[in-house]
1. On the given criteria, is Gly14 under 9 Å from the mean Cα position of the chain (by Cα) and either open to solvent by less than 50 Å² (accessible area, probe 1.4 Å) or at positive phi (or both)?
2. Give me the pairs: first residue in the range 45-66 and touching a residue at least 12 places away in the same chain (Cβ under 8 Å) and more than 14 Å from Leu8 (Cβ to Cβ), second residue of a type in the set (S, T, N, Q) and surrounded by fewer than 18 Cβ atoms within 10 Å (Cβ to Cβ), beta-carbon distance under 7 Å, and six or more apart or on different chains, which are they?
3. Quick check on Thr65: is it among the polar types (S, T, N, Q) and either in a helix (DSSP H, G or I) or on the phi > 0 side of the Ramachandran plot (or both)?
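The values are calculated or read from the model by the stated rules, or taken from the named source; none is laboratory data. All of these numbers come straight from a predicted model, not from anything done at the bench. Here the Cβ positions follow ideal geometry from the backbone for every residue, glycine too, while neighbour counts run over all protein chains shown. These area figures cover heavy atoms from the full protein model, side chains too; ligands, DNA and RNA do not enter into them. Shrake-Rupley method; radii C 1.70, N 1.55, O 1.52, S 1.80 Å.
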Amino acid sequence: MSKTSAILITLFLGGLGVHRFMAGKIGTGIIWLLTGGCLGIGWLVDLIKVCTGSFTRKDGTPWITE
């Protein structure tokens, strides 16, 4: 996934956990969905991680492949 696409998905749908579902993190995706991105704090942390390229898939590989 390109960095721009990842940032846009996380920015607009991150509060619903869509980026976590796409990364294979189903458990935390459900938590994000039920809590609104952990009241916005988890969403903000994930957005920063996606912007810096440190957000990973469930298996530890980078989510952004550029």
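1. Values: under 9 Å from the mean Cα position of the chain (by Cα): yes; either open to solvent by less than 50 Å² (accessible area, probe 1.4 Å) or at positive phi (or both): yes.
Spelling it out, Gly14 is indeed under 9 Å from the mean Cα position of the chain (by Cα) and either open to solvent by less than 50 Å² (accessible area, probe 1.4 Å) or at positive phi (or both).
2. From the range 45-66, the pairs are Glu66/Ser2.
3. Numbers: among the polar types (S, T, N, Q): yes; either in a helix (DSSP H, G or I) or on the phi > 0 side of the Ramachandran plot (or both): no.
No, not satisfied.
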